[in-house]
Amino acid sequence: MTAEFATRMRWGEAPELIGPRHAYRVRRLARLFQQAVPGGHVLDAGCGAGTLTELLAQRGYRVTAVEASPEFVDYVRERVARAGLASRVEVRLGDLERADLPSEAFDGAVCGEVLEHLADDSAAARGIAGALKPGGALALSVPARPDRYSWIDRWAGHYRRYDEEALRSVLVQAGLSVERLIQWGFPVMALYERFVQRPGLARAAGGRPLGRAMGRAARSAPVERVLQTLFSVDRLFEGRVADGPGFFALARKP
C-alpha cells in the first residue's frame, strides 16, 4: 500500500464501505448497551453512517446522533427519514473534542469506532461522560493491538489503536467506572480482516472496481449470514485469548 492510498479517504465520503464486520460489531455493541441502558434518551457520539442510530431507534430509544462529517449528517438524516424514524432521532453536526454536548442530558451513550479517529480522545471521553446523567452508561468499541497499526489505519484516519491499559486510562480519567472490557475478534474476525477486508479495502483505496465488487459480494444477504455465524465463534475465545483486533467497553458514570 502506497502513501498515496494511505491518506486518500476523507471521513464521511464512503458509507458504502460498511460491510459484515461493521454489521456484526454494531449488533454486539447494541446488545451490550441494552443490558446497561434498557431505554430512554441516548447519545450516539460520532454516529458515522447511522447504523447504530437506526438500530437503537428501532428498539425504542430516543436518539441524539452527533457527527463531525457534514456528509454523514446529511446521509443519516435521509436514512432515518426513509426508515420512518425521524420522530425518534435528532442528527446534529458537532465536534466531540470540543465538548459542546449538553450537560447530564442522556441516560446512556454509544460510541462505535470513533475515539481512534480523534487527536484528543481524552477530551471527547470527558465530554461524553459529562453529557451522561448520573448512573448513565457508555458502551463503546475501538480497534485493538497498537502493534498492528498499519496503512489501513492511516487511510481510515486512525490516530491510534488501543491496548487494555490505554483504553481503561481514557475512561477512568473521564470520570467513568469500567464495568466490562472485552477484547474480541479472535480467531475468525482476525482472519477475515487479514484475508478479505484488507485486500478489498486496498483495491477500493486504489480505485479498482474489484474492491467495490468484493464489498458488494460480502454485503449480500447469504454471504453475510454465513459470516455472522462464523464471527460468533470468536465469543468462545473471549477472556481466554487476548489477541482480537477490537475492544468493547462498558463504563458508567457514578
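Remarks
- Residue count for region 59-86, restricted to those that are under 15 Å from LEU29 (Cα atoms) and either surrounded by fewer than 20 Cβ atoms within 10 Å (Cβ to Cβ) or touching a Cys at 6+ places or on another chain (Cβ under 8 Å) (or both): 1
- Residue in region 92-99 that is under 18 Å from LEU43 (Cβ atoms) and assigned to a strand (DSSP E or B) present: yes
- Qualifying residue in region 114-128 (condition: more than 24 Å from TRP184 (Cα to Cα), part of a helix (DSSP H, G or I) and open to solvent by less than 60 Å² (accessible area, probe 1.4 Å)): yes
- Region 178-197: number of residues that are assigned to a strand (DSSP E or B) and open to solvent by less than 60 Å² (accessible area, probe 1.4 Å): 5
- Here ARG10 clears all of (1) modelled with pLDDT under 95; (2) touching a helix residue (DSSP H, G or I) at 6+ places or on another chain (Cβ under 8 Å); (3) closer than 30 Å to GLY130 by Cβ except the condition numbered (2).
- Evaluation of SER141 against the conditions (1) in contact with a strand residue (DSSP E or B) (Cβ under 6 Å, 6 or more places away or on another chain); (2) of a type in the set (S, T, N, Q); (3) surrounded by fewer than 22 Cβ atoms within 10 Å (Cβ to Cβ) shows that the sole unmet condition is (3).
- Residues of region 222-241 satisfying the condition of being open to solvent by less than 50 Å² (accessible area, probe 1.4 Å) and assigned to a helix (DSSP H, G or I): GLU224, LEU227, GLN228, PHE231, ASP234
- Near pairs, Cβ below 9 angstrom, 6+ apart or cross-chain, from region 59-87 (touching a residue at least 60 places away in the same chain (Cβ under 8 Å) and within 15 Å of GLY112 (Cβ to Cβ)) to any residue that is open to solvent by less than 50 Å² (accessible area, probe 1.4 Å) and of a type outside the set (A, V, I, L, M): PHE72/GLY12; PHE72/PRO15; PHE72/CYS47; PHE72/GLY48; PHE72/GLY50
The values are calculated or read from the model by the stated rules, or taken from the named source; none is laboratory data. Keep in mind that this is a model prediction, so the values were computed, not measured. FYI the Cβ positions are ideal-geometry reconstructions off the backbone, even for glycines, and counts take in every protein chain you see. The protein model used for the area step is the full one, side chains on, heavy atoms only, and it has no ligands, DNA or RNA in it. Shrake-Rupley method; radii C 1.70, N 1.55, O 1.52, S 1.80 Å.
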